[in-house]
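What follows draws every value from the coordinates through simple rules; no lab data is involved. Since this is a predicted model, take the numbers as computed values, not measurements. Cβ atoms come from the backbone with ideal geometry, glycine included; neighbour counts cover every protein chain shown.
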Amino acid sequence: MVISHFLAISLQSLSLMLNNSTLFNMKIWYKFLFLPVLILALAGCSKDDDDDVKNEDNTPYYLYHSKDLTTDDGKVTLLQKHKIGKGIPIVILGDGFQDRDIKNGIFRDATTSTIEALFSIHPLKSLRDYFDVYEVTAVSYSSTNLIYMVEDSTNYQTAFSTMELNEDSGVTVAQISTGKASKISEYAKKALKGINLDDVTIIMLVNNSDTGGLTISLTYYNEDRDIPTGCGIAYVPLQDIIKFNDDSPLKNILTYDYDDISQTIFANTLLHEFGHAFAKLADEYVGKNTEEITENYKGYLTLTHKSGHDKNVSIESDVTKTDWADFAADSRYDFENLGCYEGGAYYATGIYRPTENSIMRCTNNYFNVISRVMIYKRSMDIAYGNSWKFDYEDFVKFDLEKAKAAYQEDKKRYNYSKRFSDQPCFEKMERLR
């Protein structure tokens with residue numbers, strides 16, 4: 001990709017002017033869910049296991065490098081085929097998976113678990129039969145977990161370069177980066193013969209448990225279009241299911257059920273990033289710099305709203321002027337307590353979200369109604385094309401009872417006595433860093 005003249009970077013978006021004519025927008029959402037305080041130093045990690053397991057050359061198990069970079073690279077497997085419509089394509093890739101990870105089934109376990117997590121809650125659970133899900137293998141020379149232990153960067157190589165080390169408050173931490181986005185698109189296309197890349201959502205599984213997620217949207221804005229378009233890449237780390245020890249600063253914030261994949265940190269991150277990549281939803285939390293929304297960002301939202309993006313936040317404090325106004329006025333949706341809750345898209349004031357909490361703000365497993373609408377609209381648009389038109393009552397019929405059940409289930413899954421509106425949020429996780 002050649003950038004010819006213009007490059008503008010903001011907290012929310014990266015806009016590239018290509019050939020002086022086409023506005024190419026790459027929106028970046030980046031957030032940390034958890035500190036490395038929960039992760040043991042990888043060189044000493046699993047000491048009881050890895051110190052006793054050696055590679056063929058007698059080196060520690062975790063220092064392995066792939067021997068065969070070609071045999072299992074670029075293989076395409078259709079893991080789920082659509083039953084309704086023309087198929088909504090998802091491609092799952094992985095970075096930091098070595099030849100042995102593909103041969104012994106670790107990567108396949110990761111991709112099939114991803115599918116179950118993705119379709120674990122409404123509305124995606126209810127829309128599952130519309131989706132095609134492809135797996136494309138990519139063999140990395142190194143594991144992304146090795147990033148901490150390699151002094152010579154030439155000896156650390158992964159297929160898509162999605163991990164980097166950065167200094168944060170004097171501590172070296174691993175962070176997901178956009179890596180080789182063009183190579184990611186090339187690998188996705190291996191599964192997409194005759195499919196428009198603009199309709200594709202790519203899930204990049206990063207074989208590292210020490211970081212939060214990231215999404216980029218490769219988007220050409222189409223004004224006066226209520227449904228977003230464009231490929232999105234959701235970078236999701238393979239975070240383990242975590243239970244906290246007594247010394248953890250998160251000890252009294254979260255309790256997860258080991259046996260329910262829909263209640264893992266991985267699933268939360270996956271669903272949150274998929275909301276960005278597929279439905280072009282905005283973050284609903286406040287970042288570290290809790291300033292008032294800028295005039296520039298107000299103008300940016302005006303542009304993106306005309307293209308069906310960021311519909312889950314508004315600069316209007318009057319709910320009747322928001323994109324969720326119809327639902328706020330509909331007594332059938334009173335259970336969601338829809339309104340204008342100040343704070344979102346990293347800003348503390350001057351911008352509003354529809355509910356106190358949702359998966360776009362917190363670790364809830366629940367999409368609020370405008371987020372569900374945008375997921376539904378994009379799904380129907382890809383599945384049926386221009387012949388499909390949105391009908392409010394058809395959506396309510398599809399959504400209402402399942403949404404109520406999902407809302408109640410999400411309330412029950414938190415195992416503490418605080419009120420439901422006081423959920424552990426992405427913004428709170430950042431402040432624990």
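Amide H neighbours of Y134 under 5 Å, at least 5 residues apart or on other chains, H built in the peptide plane: list them.
Answer set, sorted by chain and number: L79, I90, V91, I92.
Give me, ordered by chain and number, the residues 5 or more places off L214 or on other chains with an amide H under 5 Å from its own placed amide H.
Y235
Going through the cross-link list K298/K404; K298/K321; K125/K180, which pairs have a Cα-Cα distance over 23 Å in this structure? Let's see the in-between values first.
Details: K298/K404 33 Å; K298/K321 15 Å; K125/K180 31 Å.
Table pairs above 23 Å Cα-Cα are K298/K404; K125/K180.
Within the set of other residues whose C-beta is less than 9 Å from the C-beta of E135, count the net charge using Lys and Arg as +1 and Asp and Glu as -1. Walk me through the intermediate numbers first.
Values: positive: K75, R108; negative: none.
Here the charged neighbours net out to +2.
Between D198 and K75, take the C-beta separation as r, use R0 = 41 Å, and let me know the FRET efficiency to the nearest 0.05.
0.95
Over all directions, how big on average is the projection of the convex hull of the alpha-carbon atoms in segment 82-130, in square nanometres?
4.0
Amide H to amide H, which residues 5 or more places from Y347 or on other chains are under 5 Å from it, using H placed in the peptide plane?
Those lying under 5 Å, H to H, from Y347 are G287.
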